[in-house]
Amino acid sequence: MKQERKDWYAGEFVRINEEIGGKKCLSYQDFLRIKNYKAQALSIAEEMDIKKQTEKAFEAADNNDVEGAIKTLTKLHGVGIATASAILAMRNPDKYAIVDKRVIKNLGKSFEKNPLKSPAGYVEYLMIMKKNAAGKPLREYERKLFEKEPI
């Protein structure tokens, strides 16, 4: 770990502890901050792997190998299909949709394979999303389904 990151990591623990030490529960922001703190513990090898795997995944995605892109991204530590789909959607929101249990529920479809647990299931989910979006921006359609279900 680089010294700058080591210093941040050590200091951030103290800062978070000072802010939440006496709380009876965490706020959503506290929770995200702790998750971010934990994610920063990646090693240099993991940093290099992120670059290598995302490059491979983006190449697969650019060649319309959706399943390959998802499989490659899920090789990264802590990345499941939902996060992999978010990475692809943030890179190309016209081509990929974020998979989420609320969106799946609001689609009202049953899937041969669970889109949250199977790369093939995500491919099926994506095909249905594109078909149902009927020419509308995919991200817009996905958000509409997501927002129907209260959080």
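Read the figures in this text as sums done on the coordinates, not as results from a lab. The structure displayed is predicted, hence computed values, not measured ones. FYI the Cβ positions are ideal-geometry reconstructions off the backbone, even for glycines, and counts take in every protein chain you see.
Please find the FRET efficiency linking Asp7 to Glu147, where r is the Cβ-Cβ separation and R0 is fixed at 41 Å, and quote it to the nearest 0.05. If you can, show how the numbers build up before the last one.
Details: r = 40 Å, r/R0 = 0.99.
After rounding to 0.05, the efficiency reads 0.50.
Let me have the 222 nm mean residue ellipticity of the chain computed from DSSP H runs of 4+ only, each contributing -39500 (n - 2.57), with the sum over all residues rounded to the nearest 500.
Values: 8 runs with 101 residues, N = 151.
Calculated mean residue ellipticity at 222 nm is -21000 deg cm²/dmol.
Ratio of the chain's C-alpha Rg to 2.2 N^0.38 Å, to two decimals?
On the way: Rg = 18.2 Å, N = 151, 2.2 N^0.38 = 14.8 Å.
Compared with the compact-globule rule of thumb, the chain sits at 1.23.
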The pairs in Lys113/Lys148; Lys75/Lys148; Lys2/Lys35; Lys117/Lys144 lying past 28 Å Cα-Cα in this model are Lys75/Lys148
If the chain between Ala82 and Asn17 were fully extended at 0.36 nm per residue, the gain over the current Cα-Cα distance would be 20.4 nm
Sequence-distant or interchain residues sharing an amide H contact under 5 Å with Val99, placed H: which?
Ser85, Ala86
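Using the count of nearby Cβ atoms within 10 Å as a rough guide to exposure, how do Lys71, Lys2, Lys105 rank from fewest to most? Don't skip to the answer; put the middle values down first.
Working: Lys71 18, Lys2 9, Lys105 12.
With the sparsest Cβ surroundings first, the list reads Lys2, Lys105, Lys71.
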Could you point to the residue in Tyr125, Ile50, Ala86 farthest towards the positive end of segment 44-148's charge dipole, with +1 and -1 charges on the Cβ of Lys/Arg and Asp/Glu respectively?
Tyr125
Residues Asn114 and Asp62, FRET efficiency given R0 of 30 Å [Cβ-Cβ distance, rounded to 0.05]:
0.70
Could you pull out which residues in segment 122-151 have an amide N less than 13 Å from a spot 7 Å beyond the Cα of Ala39, following the Cα-Cβ vector?
none
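Take the alpha-carbon positions of segment 26-96, form their convex hull, and give its projected area averaged over all directions (one quarter of the hull surface) in nm².
Working: hull surface 20.7 nm².
Over all viewing directions, segment 26-96 projects a mean Cα-hull area of 5.2 nm².
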